Amino acid sequence: MPQYKAPLRDMRFLLNEVFDYAGHYAKLPNAEDTTPDMVEAIMEGCATFCEEVLAPLNLSGDQEGCTIDDGEVTTPKGFKEAYAEYVAGGWQGISHPKEYGGQELPMSLNLLKSEMMGTANWSFTMYPGLSLGCMNTIFQFGSDAQKKTYMPPLVSGEWTGTMCLTEPQCGTDLGQVKTKAEPQADGTYKITGTKIFISAGEHDLADNIIHIVLARLPDAPKGTRGISLFIVPKFLINANGTLGARNPVKAGALEHKMGIRASATCVMNFDEAVGYMIAEPNKGLEAMFTFMNTARIGTAVQGLAHAELSYQGALPYAKERRSMRALSGKKDADHVADALIWHADVRRMLLTQRAIAEGARGMIYHAAKLADLMVTAVGTGDQAQYEAYDDKLGFYTPILKGFITEMGLECANLGMQVFGGHGYIKEHGMEQIARDARISTLYEGTTGIQALDLLGRKVLLTTRGKCIKDFTNEMLAQAKPHLLDGGPIGKMARAAAKRALQWKALTLRIMLRAAKDRDTVSAACYDYLMYSGFVMMGHFWLKQALVAQAKLKQGGKDTAEFYQAKLQTAEFYFERLLPRADGHKQSMLSPTRALMQMDQEHFSFA
């Protein structure tokens with residue numbers, strides 16, 4: 001099993017030398033305590049917890065899985081103790097208000113924690129991870145009484161939370177939600193229905209579970225305009241804050257999953273369970289989008305996590321395992337064969353994993369700064385600023401979620417490939433990473449849904465291409481001073497500038513085609529998203545390369561070898577991975593006829 005080691009050197013490089021997080025925190029009203037020393041202490045403490053507590057449970061948790069008996073779910077051995085240690089360490093409330101028991105540190109610090117935890121043990125991370133969106137939703141849309149009741153125990157980790165959207169007949173199309181909410185004389189609601197795929201819906205880690213549930217009022221309009229949002233606790237809460245009677249919400253079954261088997265994914269049955277409305281009637285979906293966007297960014301972290309963990313497993317194996325001689329001549333003369341890492345194709349796989357992991361980390365850390373600013377706007381009541389940052393982050397979200405998870409899955413498969421046949425054997429742990437990674441492209445909206453959101457909603461409908469124009473202008477501003485440079489930096493800068501101009505032109509062409517053929521959007525959206533991801537990652541690799549080159553000349557906080565490796569990984573990305581964008585460009589511009597012309601009856605002749 002890969003021995004997880006938190007990539008603190010790369011994390012420090014991004015935080016301190018690329019994105020100037022110290023300067024960023026100095027401008028935030030809630031970050032006066034977020035000193036470089038505190039950030040370092042949090043990173044070191046979390047790294048220790050992840051390496052020594054969570055990582056050792058990853059393989060055993062997968063092997064044991066969760067069990068259910070009469071609606072009660074038991075998590076794998078060691079999980080309950082690990083969660084108690086997590087709560088005792090105060091990790092859950094890092095970024096939540098002090099008035100509810102949190103530390104009120106920037107949201108980006110919680111993301112650093114999530115990355116390390118998720119890489120060490122994604123199944124475990126699902127339990128406290130779902131609570132974050134629950135807390136964000138209640139904090140932003142709940143009444144004062146609801147915040148007072150639910151926020152403190154959620155912030156401490158004493159309770160956990162879920163999101164209950166999907167039903168047997170509907171996933172992404174939430175307009176088909178059938179769960180009913182019957183109003184009662186005392187102002188509560190009786191919630192009745194079945195929800196599926198509910199992560200952490202039932203478990204033995206916490207005293208109470210707070211479900212955020214989409215349901216429909218009796219007189220609600222059809223479709224998404226008639227969905228309301230409710231808080232449904234596992235145990236009702238007494239007036240003094242203690243736990244009361246068991247609410248009739250129960251796990252009917254555990255889903256038998258391909259991966260993340262230590263995470264309890266439940267079928268949840270609500271049988272006239274007591275619920276409390278949050279937000280306004282029939283506007284639940286709008287409030288839920290706070291939850292969904294939080295979850296989608298978290299899923300992007302999963303793509304990064306599995307790329308990183310698979311790389312950490314494949315690299316030592318490639319250095320130790322010997323097979324044949326390198327084509328350029330004998331490398332390890334004292335051995336009967338050369339190590340795998342001397343073979344160019346193995347290096348291709350390792351460098352792909354490294355380039356994707358470090359490129360994704362750069363993309364996500366940049367987005368985390370925007371999330372900090374968005375949360376600050378919520379806290380200060382600046383609605384205009386909140387909407388501005390929410391819109392900007394909304395452009396990043398489908399690219400981060402869709403592209404990074406697709407590439408994370410590829411990297412997980414590459415890790416198995418480096419091991420050869422041993423990668424297919426459970427005891428080495430590489431196949432578990434691939435199984436765990438597979439869900440990331442599916443939940444919180446499949447890659448196709450993210451692609452439609454990016455092209456159809458964010459680019460064409462909402463901004464009419466302005467979001468692309470704004471981002472490509474940032475790309476051009478970064479590349480322009482280096483267009484005439486020699487060596488790899490100049491070459492990378494010219495490639496980035498070319499892609500920025502190309503991205504603008506492609507967007508306009510798709511926009512014009514869509515006006516004549518509406519199937520264009522659906523036919524082109526996947527390739528448009530992947531193209532966007534490759535180009536955006538190129539921008540952030542150039543950013544890292546420029547800093548690395550400057551540090552090589554002027555001296556930095558790490559070794560010359562570290563910065564040189566950064567430059568070489570960036571060069572690999574531009575030479576070997578960014579050209580994939582050309583294939584996506586050609587596909588997205590292909591006519592829809594090849595996709596739509598076949599009669600549906602002719603898809604099968606059985």
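Values in this text are rule-based calculations from the coordinates and carry no lab data. Note that the structure is a prediction, hence the values are computed from the model and not measured. Cβ sites come from the backbone with ideal geometry, for glycine too, and all protein chains shown count toward neighbours.
The base-10 log of I(q)/I(0) for region 101-247, evaluated at q = 0.10, 0.12, 0.16, 0.21 Å⁻¹, reads -0.38, -0.55, -0.96, -1.44 [Debye formula, identical scatterers on Cα atoms, solvent excluded].
Taking the Cα centre of the chain as origin and assigning +1 to Lys and Arg Cβ atoms and -1 to Asp and Glu Cβ atoms, the resulting dipole is close to 2340 debye. Note on region 20-151: semi-axes of the ellipsoid equivalent to its C-alpha gyration tensor, largest first and rounded to whole Å, are 28, 21, 11. Residues in region 391-403 carry Karplus couplings, in order, of 5, 5, 5, x, 5, 5, 3, x, 5, 4, 5, x, 5 Hz; the curve used is 6.51 cos²θ - 1.76 cosθ + 1.60 with θ = phi - 60°, and Gly or Pro positions show x.
Counting every alpha-carbon pair across region 198-342, the share separated by more than 23 Å comes to 60%.
For the chain, the longest principal axis of the alpha carbon atoms and the long axis of helix 487-516 meet at an angle near 50°. Annotation: Cα Rg of region 465-605 relative to the compact-globule expectation 2.2 N^0.38 Å equals 1.31. Residues in region 265-281 carry Karplus couplings, in order, of 9, 10, 8, 10, 9, 9, 10, 6, 6, 6, x, 10, 5, 10, 6, 8, x Hz; the curve used is 6.51 cos²θ - 1.76 cosθ + 1.60 with θ = phi - 60°, and Gly or Pro positions show x. Computed over neighbours whose Cβ is under 14 Å from that of D69, the net charge equals -3, Lys and Arg +1, Asp and Glu -1.
Here the contact order of region 513-590, divided by its residue count and restricted to Cα pairs under 8 Å and six or more residues apart, works out to 47 percent.
Can you give the net charge of the other residues whose Cβ lies under 11 Å from the Cβ of A264, counting K and R as +1 and D and E as -1?
Details: positive: K257, R261; negative: E72, E202, D204, E255.
That works out to -2.
The Kirkwood hydrodynamic radius of region 540-598, based on inverse pair distances between different Cα atoms, is 13.9 Å.
Across region 242-254, coupling constants 3J(HN,Hα) worked out from phi with the 6.51/-1.76/1.60 Karplus curve, θ = phi - 60°, read 7, 7, x, 5, 6, 6, x, 10, 9, 6, x, 6, 9 Hz, and Gly and Pro carry x.
To the nearest ten degrees, helix 344-380 and the longest principal axis of the Cα atoms of the chain are 40 degrees apart.
How long are the three semi-axes of the equivalent ellipsoid of region 435-518, in whole Å, if each is the root of 5 times an eigenvalue of the C-alpha gyration tensor, listed from largest down? Don't skip to the answer; put the middle values down first.
Details: eigenvalues 168, 84, 21 Å².
With the √(5λ) rule applied to region 435-518, the semi-axes are 29, 21, 10 Å.
May I ask for the net charge around G175, where only other residues with Cβ less than 13 Å from the Cβ of G175 are counted and Lys, Arg are +1 while Asp, Glu are -1? Around G175, the surrounding residues sum to +2.
For the chain, the antiparallel share of DSSP beta bridges with both residues in that region comes to about 80%.
Secondary-structure-derived ellipticity at 222 nm for the chain, considering helices only, amounts to -18000 deg cm²/dmol, per-run term -39500 (n - 2.57) for DSSP H runs with n ≥ 4. Close amide H contacts of G161 (hydrogens built in the peptide plane, cut-off under 5 Å, sequence separation of 5 or more or a different chain): S131, I210.
Evaluated at q = 0.06, 0.07, 0.10 Å⁻¹, the base-10 log of the normalised Debye intensity for the chain, with identical point scatterers placed on the Cα atoms, takes the values -0.32, -0.44, -0.92.
When only alpha carbons of region 313-456 are considered, Rg and Dmax amount to 20.6, 68 Å. Answer with one residue from G45, H256, M363: the one whose Cα lies farthest towards the positive end of the charge dipole of the chain, charges on Cβ with Lys, Arg +1 and Asp, Glu -1. The residue sitting most towards the positive pole is M363. The angle between the Cα long axis of helix 122-141 and the main principal axis of the chain comes to about 60°, on a 0 to 90 degree scale. Per residue, the Cα convex hull of region 15-91 amounts to 142 Å³.
Here region 11-31 and region 98-144 have alpha carbon centers that stand 20 Å from each other.
Of K195/K250; K466/K504; K283/K392; K113/K401; K466/K498; K98/K147, which sit over 20 Å apart, Cα to Cα? Too far apart for the 20 Å limit: K283/K392. In percent, rounded to a whole number, the relative contact order of the chain is 12, using alpha-carbon pairs under 8 Å and six or more apart. Using every pair of distinct Cα positions in region 338-420, the Kirkwood expression returns a hydrodynamic radius of 14.9 angstrom.
Summary of packing: across the peptides 355-363, 152-160, 315-323, the per-residue average of other C-beta atoms within 10 Å ranks them, highest first, as 355-363, 152-160, 315-323.
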